[in-house]
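K.L.:
Take a look at this one; I'll ask things after.
The values are calculated or read from the model by the stated rules, or taken from the named source; none is laboratory data. Remember, it's a predicted structure, so these values are computed and weren't measured experimentally. Positions of Cβ are backbone-derived with ideal geometry, glycine not excepted, and every protein chain shown enters the neighbour counts. Remember, those area values only see protein heavy atoms, side chains included, never the ligands or the DNA or RNA. Shrake-Rupley method; radii C 1.70, N 1.55, O 1.52, S 1.80 Å.
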Amino acid sequence: MSGVVRLTMVSHAMTDAMAAGRFPADEPLNDIGGRRVKSLDTKADNRHLTAPERRARQTAQLLGLRADTEPRLADLDCGQWRGRTLKQLSPEDLAAWLTEPARAPHGGESIVELIQRVAGWLESLTEHTVAVTHPAVIRAAILHALAAPPNAFWRIDIAPVSCTVLHFRDGRWTLRL
């Protein structure tokens with residue numbers, strides 16, 4: 001990667017699973033989420049991408065983006081926990097998942113694996129990009145950009161329909177708030 005690359009990552013809008021505290025499946029946006037999406041000021045030369053899940057694609061559409069689907073923007077794979085609430089999980093498994101980023105007691109993807117996947121995607125970018133994705137993917141991108149440890153993952157809060165901007169310049173990523 002050379003030159004300057006600007007990446008704007010947009011978190012998808014609210015879903016019923018988010019409101020209920022359930023692990024996501026491939027649910028659509030809820031009515032509140034759909035109403036809160038505003039148009040996004042993007043340059044015509046930006047590349048527009050979206051995660052493959054319905055909630056991300058719907059958010060991109062409501063933002064007026066003609067986005068291509070990028071599989072590496074997919075949400076964290078929560079395996080057998082999809083559709084379940086925190087109360088339905090073993091306290092030991094939940095504690096392990098929240099404190100040990102290399103663990104995936106749900107049989108899906110670990111936080112460390114997610115960060116590696118997102119890091120590979122970030123390093124492939126060569127042009128200004130707008131990407132509609134998930135809070136977990138945005139957290140992973142921030143951790144990679146800042147070279148922060150994986151155990152900081154749960155300390156980053158990403159709101160629905162929020163924008164996070166990263167720049168790649170002189171061989172490193174920076175975070176713009």
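K.L.:
Within the range 34-149, considering only helices (runs of 4 or more DSSP H) that don't extend past its boundaries, which have at least 1 residues that are closer than 23 Å to Leu177 by Cβ and open to solvent by 30 Å² or more (accessible area, probe 1.4 Å)? Lay out the reasoning, then the answer.
P.N.:
Values: elements: 54-62, 91-99, 111-124, 135-146.
Result: 111-124, 135-146.
K.L.:
Applying the selection to the range 15-31, what residues are within 9 Å of Arg55 (Cβ to Cβ) and in a loop (DSSP other than H, G, I, E, B)?
P.N.:
Pro24, Asp26, Glu27, Pro28
K.L.:
Taking the options Gly33, Gly64, Gly79, name whichever one is small (Gly, Ala, Ser) and at pLDDT 95 or above.
P.N.:
Result: Gly79 is the single residue among Gly33, Gly64, Gly79 that is small (Gly, Ala, Ser) and at pLDDT 95 or above.
K.L.:
Conditions first: (1) at pLDDT below 95; (2) farther than 21 Å from Ala141 by Cβ. Asp93 passes all but one, so which condition is the exception?
P.N.:
Failing condition for Asp93: (1).
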